[in-house]
Amino acid sequence: LAEQHVRKLVQWLEPLGVTVAWLTGSRKGKQRTAMLERVASGQAGLVVGTHAVIQHDVVFAKLGLAIVDEQHRFGVAQRLALRDKLKAQAPATGRPEPASAPSGGRAPRSGDLGGQRLEPHLLMMSATPIPRTLAMTYYADLAVSTIDELPPGRSPVVTKLFAEDKRDAVIA
């Protein structure tokens, strides 16, 4: 799914001068290093990926929006890791700074506004709301939007139940 998204977004955005980076667990070596450098330097205006985007060595120059699909697979630790990405900034060297590094006497970094911590906007999507998701809408800062109509031209899904002895016919 991430690969499908990145292909389409590259088609749309690169003609407009927006560089798209793609991070997944399968990207290794020079490819991964090149993507990490684009993300840390801010050259990549958009990053598409899997859980790989929240790994320790990924540092965002400026993280403003994160969109998470299938949010029920994105646990508390992953949400915290995403928020921690604001604590790690890319210094002038372009190399990642550890998330725990103090800011010293430097000017406010991206994510700070007069000492006030800014967090990225999060859009969490799920077609299968689970009890935890529902609880988050009640107790946390999570709003619910419901899409209750099909896109134009889309056929409705039909669900049918067949007896076990019809299995071969269904598969055929």
> Out of all the residues in region 49-63, is one or more more than 28 Å from Ala143 (Cβ to Cβ) and among the charged types (D, E, K, R)?
Replying inline: yes
> Residues in region 5-63 that are in a helix (DSSP H, G or I) and either open to solvent by less than 60 Å² (accessible area, probe 1.4 Å) or of a type in the set (A, V, I, L, M, F, W, C) (or both): how many?
Replying inline: 16
>> Would you confirm whether or not region 87-103 contains a residue that is over 22 Å from Glu37 (Cα atoms) and either at pLDDT below 75 or not basic (Lys, Arg) (or both)?
In response: no
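The values are calculated or read from the model by the stated rules, or taken from the named source; none is laboratory data. Computed from a predicted model, the values in this text were never measured in an experiment. Note that we place each Cβ from the backbone using ideal geometry, even for glycine, and neighbour counts take in every protein chain shown. We work out accessible area using only protein heavy atoms, side chains counted, and drop any ligands, DNA or RNA first. Shrake-Rupley method; radii C 1.70, N 1.55, O 1.52, S 1.80 Å.
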